[in-house]
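Worksheet: the structure to be examined is printed underneath.
The values are calculated or read from the model by the stated rules, or taken from the named source; none is laboratory data. Source: prediction; values computed, not measured. Because the Cβ atoms are built from the backbone with ideal geometry, glycine has one as well, and the counts that use them run over all protein chains shown. Surface areas here come from the heavy atoms of the whole protein model, side chains and all, with no ligands, DNA or RNA. Shrake-Rupley method; radii C 1.70, N 1.55, O 1.52, S 1.80 Å.
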2 protein chains.
Amino acid sequence: MNQVAARFQQYWKKHFNHLPAGNTHVILAVSGGIDSVVLAHLLHTTGITFSLAHGNFGLRGEESERDEAFVRNMGVQYGVEVHVQRFATAQWTQQQKVSIQEAARILRYTWFEQIWSRLPHAPRAVATAHHANDSMETLLMNFFRGTGISGLHGIQPVQGHIIRPLLFATRQEISSYAVQHQLQWVEDSSNASDKYTRNYFRLQLIPGLQQVFPEVEENLLQNIERFTEVEMLYRQAVSQQLEKLVEQKGAEQHIPIYKLLKATPLHTLLWEMIRPFQFTAAQTEEVKKLLTTGGQGSYITSATHRIIKNRNWLIIAPVKVEEAEHIIIEDFAGNSLFSQGSIQMQLSEQPMAEKEMQQPPQVGLFDADAIQFPLLLRPWKTGDYFYPLGMQKKKKINRFLIDLKLSATDKEKTWVLVMNEKIIWVVGRRIDNRFKVTPHTKRVLKLTYTAAK
Amino acid sequence: MNQVAARFQQYWKKHFNHLPAGNTHVILAVSGGIDSVVLAHLLHTTGITFSLAHGNFGLRGEESERDEAFVRNMGVQYGVEVHVQRFATAQWTQQQKVSIQEAARILRYTWFEQIWSRLPHAPRAVATAHHANDSMETLLMNFFRGTGISGLHGIQPVQGHIIRPLLFATRQEISSYAVQHQLQWVEDSSNASDKYTRNYFRLQLIPGLQQVFPEVEENLLQNIERFTEVEMLYRQAVSQQLEKLVEQKGAEQHIPIYKLLKATPLHTLLWEMIRPFQFTAAQTEEVKKLLTTGGQGSYITSATHRIIKNRNWLIIAPVKVEEAEHIIIEDFAGNSLFSQGSIQMQLSEQPMAEKEMQQPPQVGLFDADAIQFPLLLRPWKTGDYFYPLGMQKKKKINRFLIDLKLSATDKEKTWVLVMNEKIIWVVGRRIDNRFKVTPHTKRVLKLTYTAAK
């Protein structure tokens, strides 16, 4: 048997054990280029059932049509089904504000998933014809872009429903195979930026390196295997440390700062901690600063989450307030919904008559000039205290709530509004004496609490 | 203050906290080149006490003498001590069979350590003038050589007594600093192979990459920081897994195979497990094979250790038998010392007279044609059994030793000689019936046991 065909079968057994050769349907993503043509031939030779999937992105005029016709003809020759999809790529690219390349990638893989899920429930997978040099080039690209350890595993043989059965073969071996079996294929004349970079690696960087390190290609392929395992061990250590550090509370992550500061290596652990919540790598430094210098209520925002420093805790809370227990009120702007009801805000620029100062407990009147934003809204907790309106002495919130003779549930549902470590309002119950409206008050902040229905 | 000088001080505080600027003596390794000249100037400017250490390797004739004179003159100008050492490099290189470059490196660092230890016990360190581009080039060199994760941390700021206070600065910044302060330096005209590789990175690879990835230098420097931390986490995970897998027994490591086979990722963990014992990365695959296919007594050797498969255990044992409890006897060759005594071997190519077959228990006579090497010598353990000479039924070794009425100590000190999972001799007590000498025996293997004094 041809040596490439034999290694193909070995590679298949090693990585696609869940897809027995005799009982699997492969949806082969085929451009008509040499790689996918060779993969089709190998599948056919090995006796694995397959169909062809060709996306026509309409970006290369005549050439796009030629490729589609070529793939349809392949289907006739192998006697297999051909799925063809035409995409309005240019239009979609404009709508989504992504690059043409990124658009084609998203459209293609979304469509593959659709074909996959339409097929009957037998072992099945989508196969792409990436080869060893593609993987090596991906490794190089990520390395020079600086994507960290997760960029160093190259292209993986299995990713969800996608498999890459040709990763064992080099570009050179694929080319020899195609010639040996007199296969026909089409050439892509486009000059996409990804292709440009890959051509630079292939035609300049690697040949140059081979002058200095003759074994460079083998070394890079070994790097891929090694770094895949290094990454696994890295992930084990990260998970284990984060598991010990982070307490999940509802939709929030709570991290004790004193513990966090002792974690090693701090920078990477912080990054892995905030990464799932749409923060960027650059924000890691900001979080580090927040840990040591930020006052209560300081925070950092991503598209979906906020990182809040609350006393000795770092809290990662969703921006969506219905889910959060730690809510930042950034300024006077209107309502701020929270999970136990809502607070209406109203700012008066004039002093107020004395009689107006008497208000029901669900209304809090504050000297606006004594209040600095942001404020933090959170459930009360053990150790909290404030100076109840009319008193000069501080009182534990716990004691205060007991004296109100609240039910256990009502007690538990009580929230406090905090400014820079000081509680200014036990929400809906009593304001703090230090922030009350006085005859000298020039501007009044009025907060009205409405309990949840 | 000059921006480079300011960053020098920041970098010092961050990495050399153990070396307070006002109370430290730095032994500066100085070639006379621009990097070490700039570092001397920065130390002087910052007010850190230093002396100069210059190795004259005598490899560049006139130029070597010029450099030494230049450094002596630097010492006069700064009013500091100059250590100079001349090395018979070429001669030493021949003796040690290493490359000139490697020889110079070893001689240089050994000498630095000597100067370091001769100094009084105040905070002190040897400083080398490696800079950011050196570190980047080391990273690239290791990456393309394929040295795995431990090659990706670049040059480290602290390594034992060596510090690298100039790592924060790029080659460009150092050059500007030298011009700005009108410093003088000497150029090294040699074309050492390391320099050749570095020049390739500097003059061809990096500029080429910058066309494709304009930020490549920054990204590589960030890679160094990231990978340093990735490596720390990697090491945490490796230690933790190996701690759970490996049982230290005297000078040996014992690893239960069923546990090992479940470890993930197996390849890297095996490699980290055997690496401290002088095995090579390539031997990892052999160990993997040994795990699943090797019979009892199969083994793999390094310069100092053997990896032995013994029933359900993998054992890493020193080759020096005094330290080992699992000793491989490879062939008929002479004595084999072990920790409880010694065994003499003698092979007779003739059959023997019947009366000679009666021997004291410390002598074992075997049918040499029934014996296949290697044999494994090890202490007996629970579960072991054999067919005592003269019996057709198997017997537990434990039972056998009890019936001999041995003391607990003697029982414990008993060793067995094993061939392919079968015990052929309870050493110094009784041989196995299956391997005895019979009238049909053509060649006789005679083993004589001498107990330890």
Study note, to complete from the structure: Residue hits (segment A:208-222; touching a residue at least 24 places away in the same chain (Cβ under 8 Å) and either at the interface with chain B (Cβ under 7 Å from one of its Cβ atoms) or of a type in the set (A, V, I, L, M, F, W, C) (or both)) are A:220, A:221
Check your understanding: Is it true that residue B:438 is open to solvent by 20 Å² or more (accessible area, probe 1.4 Å), out of contact with any helix residue (DSSP H, G or I) (no Cβ under 7 Å at 6 or more places or on another chain) and of a type in the set (S, T, N, Q)?
Key -> yes
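Please go through segment B:100-115 and pick out each residue that is of a type outside the set (Val, Ile, Thr), without any contact (Cβ under 8 Å) to a residue 40 or more places away in the chain and over 15 Å from residue B:54 (Cβ atoms). Please lay out each step first, then the result.
So the first thing to find is which residues in segment B:100-115 are of a type outside the set (Val, Ile, Thr), and the list is B:101-105, B:107-109, B:111-114.
Now narrow it down to the ones that are without any contact (Cβ under 8 Å) to a residue 40 or more places away in the chain: B:102-103, B:105, B:114.
Selection gives B:102, B:103, B:105.
Right, residue B:54: modelled with pLDDT of 85 or more, in a strand (DSSP E or B), in contact with a Lys or Arg (Cβ under 9 Å, 6 or more places away or on another chain) and not acidic (Asp, Glu) or not?
Working: modelled with pLDDT of 85 or more: yes; in a strand (DSSP E or B): yes; in contact with a Lys or Arg (Cβ under 9 Å, 6 or more places away or on another chain): yes; not acidic (Asp, Glu): yes.
Considered against the rule, which asks whether it is modelled with pLDDT of 85 or more, in a strand (DSSP E or B), in contact with a Lys or Arg (Cβ under 9 Å, 6 or more places away or on another chain) and not acidic (Asp, Glu), residue B:54 comes out as yes.
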**Study point:** Index of the failed condition, residue B:107 passing every other in (1) of a type in the set (A, V, I, L, M); (2) open to solvent by 10 Å² or more (accessible area, probe 1.4 Å); (3) over 24 Å from the mean Cα position of the chain (by Cα)
**Key:** (3)
Exercise for review: Check off (1) free of Cβ contacts under 8 Å to residues at least 12 places away in the same chain; (2) of a type in the set (S, T, N, Q); (3) in a helix (DSSP H, G or I) for residue A:264 and give me the number that stays unchecked.
Suggested key: (3)
Revision key, fill the gap. Residue B:76 passes all but one of the listed conditions (1) assigned to a helix (DSSP H, G or I); (2) open to solvent by less than 70 Å² (accessible area, probe 1.4 Å); the exception is number (2)
Check your understanding: Is it the case that segment A:182-191 has a residue that's within 30 Å of residue B:197 (Cα to Cα) and surrounded by 14 or more Cβ atoms within 10 Å (Cβ to Cβ)?
Key -> no
Review point. If residue A:337 satisfies every condition in (1) at pLDDT below 85; (2) outside any strand (DSSP E or B) but one, which is the exception?
Key: (2)
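Just wondering, is there one or more residues in segment A:210-220 that are at pLDDT 95 or above, aliphatic (A, V, I, L, M) and crowded, with 17+ Cβ neighbours inside 10 Å? Don't jump to the end; show me each part of the working.
Here is the first cut: in segment A:210-220, the ones at pLDDT 95 or above are none.
No, segment A:210-220 has no match at all.
Given the options A:236, A:241, name the one that is within 7 Å of another protein chain (Cβ to nearest Cβ), under 30 Å from residue A:273 (Cβ atoms) and buried (at least 16 other Cβ atoms within 10 Å of the Cβ). Please lay out each step first, then the result.
Details: A:241 fails: within 7 Å of another protein chain (Cβ to nearest Cβ).
Within the list A:236, A:241, the selection yields A:236.
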Practice item. Identify the single condition in (1) open to solvent by less than 60 Å² (accessible area, probe 1.4 Å); (2) over 25 Å from residue A:101 (Cα atoms); (3) touching an Asp or Glu at 6+ places or on another chain (Cβ under 8 Å); (4) more than 9 Å from chain B (Cβ to nearest Cβ) that residue A:268 does not satisfy, given that it satisfies every other one. Key: (4)
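Can you tell me which residue within segment A:232-277, out of those that are among the acidic types (Asp, Glu) and over 18 Å from the mean Cα position of the chain (by Cα), is nearest to residue A:381 (Cα to Cα)?
From segment A:232-277, those among the acidic types (Asp, Glu) are A:243, A:247, A:252, A:272; that's our starting set.
Now drop any that are not over 18 Å from the mean Cα position of the chain (by Cα), which leaves A:243, A:247.
Values: A:243: 24, A:247: 16 Å.
Among those that are among the acidic types (Asp, Glu) and over 18 Å from the mean Cα position of the chain (by Cα), it is A:247.
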Revision key, fill the gap. Heads up, the helices (runs of 4 or more DSSP H) in segment A:121-232 (entirely inside) with at least 2 residues that are among the hydroxyl-bearing types (Ser, Thr, Tyr) are A:132-145, A:171-180, A:193-200
Point to revise | Selected residue [closer than 27 Å to residue A:235 by Cβ and surrounded by fewer than 12 Cβ atoms within 10 Å (Cβ to Cβ)] from B:288, B:262 | key: B:262
Review point. So, in segment A:1-35, of the ones that are within 31 Å of the chain's Cα centre (by Cα) and open to solvent by less than 10 Å² (accessible area, probe 1.4 Å), which residue ends up farthest from residue A:76 (Cα to Cα)?
Key: A:16
Study note, to complete from the structure: By my count, strands (runs of 3 or more DSSP E) wholly in segment A:364-433 with at least 2 residues that are out of contact with any His (no Cβ under 9 Å at 6 or more places or on another chain) and crowded, with 18+ Cβ neighbours inside 10 Å are A:415-419, A:422-426
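Against the definition (touching a helix residue (DSSP H, G or I) at 6+ places or on another chain (Cβ under 7 Å) and free of Cβ contacts under 8 Å to residues at least 40 places away in the same chain), how does residue A:87 come out, yes or no?
Details: touching a helix residue (DSSP H, G or I) at 6+ places or on another chain (Cβ under 7 Å): yes; free of Cβ contacts under 8 Å to residues at least 40 places away in the same chain: yes.
Yes; evaluated as a whole, the condition is true for this residue.
Would you point out which residue out of B:171, B:202 is of a type in the set (D, E, K, R), away from chain A (no Cβ under 14 Å) and surrounded by fewer than 18 Cβ atoms within 10 Å (Cβ to Cβ)?
Checking each option against the conditions leaves just B:171.
Looking at A:231, A:225, can you tell me which residue is within 14 Å of chain B (Cβ to nearest Cβ), acidic (Asp, Glu) and open to solvent by less than 30 Å² (accessible area, probe 1.4 Å)?
Working: A:225 fails: open to solvent by less than 30 Å² (accessible area, probe 1.4 Å).
Being within 14 Å of chain B (Cβ to nearest Cβ), acidic (Asp, Glu) and open to solvent by less than 30 Å² (accessible area, probe 1.4 Å) holds for just one of A:231, A:225, which is A:231.
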